[in-house]
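Following: one structure in structure tokens, then a few remarks.
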Amino acid sequence: EEKIKLLRNLPAYNAASKTATTLEWTEIGPNTIGGRTRAILVDPNDSTNKSVFAAGVSGGLWKTNDITATTPTWTEVASEMENINISCIAADPTNPQIMYVGTGEFAGTAGFGNGVYKSSDGGANWSLLSYSFPVVVSDLVVRNENGNGVLYVGGGMGYDSQLGQEW
């Protein structure tokens, strides 16, 4: 859902110069949104289940410590991902301190990704996995296999006909 702004007191428009002297915009909602959200994870380290991570294809990973608040406060978690499309997030069932986010998107804006990021400290710090590659990551699953968290990554590459290149 996009923010809607309403133009009030429309000024006289000068077609020759394509200018208007006074514009007054009033926001009418919705409020406190950050773009299309594609990934949500209830923080597995929070026994109250109030802390939530949210990621958007508009960029960034965000967290609120109380999703039940009337107006939750969202804080950017990782500045290194503030302008990267994030499409999925998963936690390791064998160790809740380990989390992953996947980047890029096939649908919508069809944005480039740059791989998978990992946090080993409950989402406080993130680093790009050295063995990930620039693809679109569409899904992440971490399975408990004999007491070990094993990450499965669903993704692929695409072709941009306008740019004439693979991604």
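For Arg36, what accessible surface area do you get with a 1.4 Å probe? Give it in Å², rounded to 10.
100
Using 0.36 nm times the number of residues separating Asn125 and Gln97, minus their current alpha carbon distance, what extension gain do you get? Walk me through the numbers before you get to the answer.
Numbers: separation 28, 0.36 × 28 = 10.08 nm, distance 1.07 nm.
Here the segment from Asn125 to Gln97 would lengthen by 9.0 nm.
Give the accessible surface of the stretch 41-151 per residue, rounded to a whole number of Å², with probe radius 1.4 Å and ligands, DNA and RNA excluded.
49
For Asp66 paired with Asp46, estimate the spin-label separation in nm (one decimal), with each label point 7 Å from Cα along the Cα-to-Cβ line.
Roughly 1.1 nm, to one decimal.
Probe radius 1.4 Å, ligands and nucleic acids ignored: give me the carbon and sulfur share of the accessible area of the stretch 42-99 as a rounded percent. It would help to have the intermediate numbers written out before the result.
Values: 1300 of 2770 Å².
Exposed carbon and sulfur together represent 47 percent of the surface.
Name the residues whose placed amide hydrogens come within less than 5 Å of the amide hydrogen of Arg38, ignoring near sequence neighbours (fewer than 5 apart) on the same chain.
Ala55, Gly56, Val57
Counting only protein chains, not ligands or nucleic acids, how are Thr64, Thr70, Thr37, Thr94 ordered by accessible area (probe 1.4 Å), most first?
Working: Thr64 0, Thr70 140, Thr37 80, Thr94 55 Å².
Reading off the accessible areas and sorting them downward yields Thr70, Thr37, Thr94, Thr64.
With every protein chain left in place, what is the accessible area of Glu82 in Å² (1.4 Å probe, nearest 10)?
Per-residue accessible area (Glu82): approximately 100 Å².
For Tyr100, Tyr152, Tyr131, give me the order by solvent-accessible area with a 1.4 Å probe, most accessible first, ignoring ligands, DNA and RNA.
On the way: Tyr100 15, Tyr152 105, Tyr131 165 Å².
Correct descending sequence by accessible area is Tyr131, Tyr152, Tyr100.
The values are calculated or read from the model by the stated rules, or taken from the named source; none is laboratory data. Not measured: the values here are computed from a predicted model. Heads up, the Cβs are rebuilt from the backbone with ideal geometry, glycines too, and the neighbour counts pull from every protein chain shown. Note: accessible area is taken over every heavy atom of the protein model, side chains too, but ligands, DNA and RNA are not part of it. Shrake-Rupley method; radii C 1.70, N 1.55, O 1.52, S 1.80 Å.
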